[in-house]
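A quick write-up on the structure given underneath.
The values are calculated or read from the model by the stated rules, or taken from the named source; none is laboratory data. Bear in mind the structure is a predicted one, so any value in this text is a computation, not a measurement. For neighbour counting, all protein chains shown are included, and Cβ atoms are generated from backbone atoms with ideal geometry for every residue, glycine included. The area values use the complete protein model at the heavy-atom level, side chains included, leaving out ligands, DNA and RNA. Shrake-Rupley method; radii C 1.70, N 1.55, O 1.52, S 1.80 Å.
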Amino acid sequence: MLLQDNDYDLMTPEPQTNEESCEKTGLPCFLNLVVSQCVKLVAVNLLFLIGCIPIVTIPLSLYAMNQVIHRMIRGEPVKCFQSYRKLFRYDWEKGYIAFLLTLLPLGGAGVGMWFYFCRVRSNPLFFVPFLVCSTTFLVTLLSSGYLYGLLEREEPMKETVRFAVILGITKPLRAVLAALGCYGLLFLAMSIFPLSGLYLLLLGFSFPCFLGSFFLRTVLNTSGSGKEDGC
């Protein structure tokens with residue numbers, strides 16, 4: 001009997017958690033996630049586009065898409081329509097606040113960068129506000145991905161925003177990769193439209209968000225934003 005128990009132990013080793021597997025084999029884990037979640041990614045992308053039809057609901061649709069995809073990355077069971085509808089309907093305050101906290105600094109700093117850069121040659125002192133605007137733009141860009149990933153934490157919005165900024169400054173590498181994957185793919189698809197029309201319809205928004213969330217998953221998990229057994 002003892003030999004049988006030992007044989008059983010040898011034949012059935014303790015399975016690795018999803019997080020351990022992802023940490024050891026990042027690319028295979030990502031590909032497995034994409035294959036297993038491809039139908040849900042298409043569904044989320046269609047829900048996002050439908051939710052954006054009234055322009056005023058774009059912040060809500062963006063928030064709901066991010067939260068659903070973060071749950072998919074963590075390996076949580078997700079019912080796309082029900083989860084998306086619940087987030088869209090009941091978490092509207094978080095959606096609008098996160099959108100404004102991201103859009104206003106990015107837009108204002110972007111315009112300021114262009115404005116002061118065009119005037120640096122005429123007056124070198126304009127380089128100082130240009131640096132201020134550039135820093136604001138960069139910090140906001142790096143923090144925005146963390147912000148959407150931290151919004152499910154049961155903490156005040158002020159603390160969530162502060163922590164997202166800290167992560168954006170102290171953990172910039174993954175934030176840069178997430179921004180390049182998310183905004184880069186979206187910009188590329190937009191630049192070759194209408195050739196990318198089918199891609200934008202099926203995966204053009206959910207897949208870049210999925211890729212960005214995948215890059216941020218480790219930092220968000222260790223920061224206590226989600227379950228650590230998620231991939």
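Things to note:
- Taking the criterion of being crowded, with 17+ Cβ neighbours inside 10 Å and either closer than 17 Å to ASP91 by Cβ or of a type in the set (Gly, Ala, Ser) (or both), the residues of segment 25-51 that qualify are ALA43, VAL44, LEU47, PHE48, GLY51.
- Contacts under 8 angstrom Cβ, first residue in segment 78-95 being free of Cβ contacts under 8 Å to residues at least 60 places away in the same chain, partner in a helix (DSSP H, G or I) and among the basic types (Lys, Arg), 6 or more apart: VAL78/LYS40; VAL78/ARG71; CYS80/LYS40; SER83/ARG71
- Qualifying residue in segment 78-97 (condition: in contact with a Lys or Arg (Cβ under 8 Å, 6 or more places away or on another chain), surrounded by 13 or more Cβ atoms within 10 Å (Cβ to Cβ) and not in a helix (DSSP H, G or I)): yes
- Scoring PHE137 on the criteria (1) more than 27 Å from PHE88 (Cα to Cα); (2) at pLDDT below 95; (3) not basic (Lys, Arg) leaves a single failure, condition (2).
- Listed by position, the helices (runs of 4 or more DSSP H) enclosed by segment 134-231 that each have at least 3 residues that are open to solvent by less than 60 Å² (accessible area, probe 1.4 Å) and either of a type in the set (Asp, Glu) or touching a Cys at 6+ places or on another chain (Cβ under 7 Å) (or both) are 206-222.
- Which listed residue, of SER191, SER143, SER213, SER223, is modelled with pLDDT under 90 and hydroxyl-bearing (Ser, Thr, Tyr): SER223
- Annotation: MET72 fulfils all but one of (1) at pLDDT 95 or above; (2) open to solvent by less than 20 Å² (accessible area, probe 1.4 Å); the unmet one is (1).
- Cβ pairs under 9 Å, 6+ apart, first in segment 124-145 and touching a residue at least 12 places away in the same chain (Cβ under 8 Å), second surrounded by fewer than 16 Cβ atoms within 10 Å (Cβ to Cβ) and not in a helix (DSSP H, G or I): PHE130/ARG119; PHE130/VAL120
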